[in-house]
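S.K.: Structure below; questions to follow.
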Amino acid sequence: MKKQLALAAALAVILLAAAANAQVATGTISGTVRDNTGAVLPGVTVVVQNQDTGISRTVLSNEAGYYSAPSLAVGQYGLTISLPGFQSLQRTGITLTVGREAVVDVQLSVGTVTQTVEVSAEAPLVATTDASVSFTVADTTIRELPLNGRDVTELVLLNPGVNDAMVHSNADKYGYGRRISISGARGEDNSFLLDGSYIGNFRRQPPSGPGGALFGTETVREFEVVTNPYSAQYGRVLGGVFNAVSKSGDNGWHGGIYEFLRNSSLDARNFFDQKQTPSDPRLPPFRRNQFGATFSGPVVRNKAFFFTNYEGLRESLTTTQFLAVPDLNARQGILPGGRTIQVNPLMAR
């Protein structure tokens, strides 16, 4: 009996953790249904459909006329609201972003069921259900803005209250990810989530390969940066939360290849890149190739989908460095100011 209770408790903890993760990586559509007089309508059927994938969910309004559809994947949504004795209402143009709760209040008019009213409008952007401060970066911004190294971190730093956190070293021991300070906190005080799962390393640093990029931009659909105060569903950190959602497929077949090149021919020199002799190159040699391919489609139409991406990085980088060494006078013991000292013959070589 004790083993069964322990197993049930462990299963409950796993399910609660999964639900919490899903809530972080998804969004919610909720609202209140009323009639023309302002009275609430219970028992209203609300069909919530993802217009990108065709997946739908049906919920009912309660005795207070309130309905809620939580844990929805990000994307474009439409609502179909119906109740016997009232005209059906179709609401489209609702954009659900990661972590957002879109409040869509509707009003039904008396009429026959065969009559349908179509409304295309975005849900109000003012968040009335959440007191946290967050900034969302959408797919279009990720794809269209030029990013050095195609690093999503460049877009994270555009948000208010987010800055580079200077550190002493980037190596295998500390991780190659770029340190970020959110709301003045240390770089180790942030949380990094992908599809609701914590992905920071054991030092709470962002995941990254030796190239230093946080994610490949082809795999991220959108992300948000959440600063204090944030809800308890995030937890575990004192700074801020980077919350990203990966791309997914839909009912169509899509694919593409890409190549991004940066080299020394296209770069400007820095102060130290100067020719010492006429035969020296204008800049130290540099070449970076980032290439890959994407492919997505349906596994089962309107039910399951896949998205896959491969990205490769090939980089050859040379830097200019200057070292301070003794000049000819110093080798002979002549110091600045004309002072002379004795030089050991072994050092004079």
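The values are calculated or read from the model by the stated rules, or taken from the named source; none is laboratory data. Every value quoted in this text rests on a predicted model; they were computed, and no experiment measured them. Reconstructed Cβ throughout: ideal geometry from the backbone, glycine too, with neighbour counts over all protein chains shown.
S.K.: Would you mind finding the one in V225, V241 that is β-branched (V, I, T) and in contact with a helix residue (DSSP H, G or I) (Cβ under 8 Å, 6 or more places away or on another chain)?
M.R.: One residue alone meets the criteria, V225.
S.K.: Within region 308-320, take every residue that is in contact (Cβ under 8 Å) with a residue 40 or more places away in the chain and out of contact with any Leu (no Cβ under 9 Å at 6 or more places or on another chain) and give me the one that is farthest from G249 (Cα to Cα). I'd like the intermediate steps shown before the answer.
M.R.: Step one: of region 308-320, the residues in contact (Cβ under 8 Å) with a residue 40 or more places away in the chain are 309, 311, 313, 315, 320.
Imposing the further condition that a residue be out of contact with any Leu (no Cβ under 9 Å at 6 or more places or on another chain) reduces the set to 309, 311, 313, 315.
On the way: N309: 11, E311: 18, L313: 24, E315: 31 Å.
Looking at the filtered set, the residue picked out is E315.
S.K.: Another question, then. I55 - would you say it is modelled with pLDDT under 90, β-branched (V, I, T) and either buried (at least 17 other Cβ atoms within 10 Å of the Cβ) or within 30 Å of F192 (Cβ to Cβ) (or both)?
M.R.: yes
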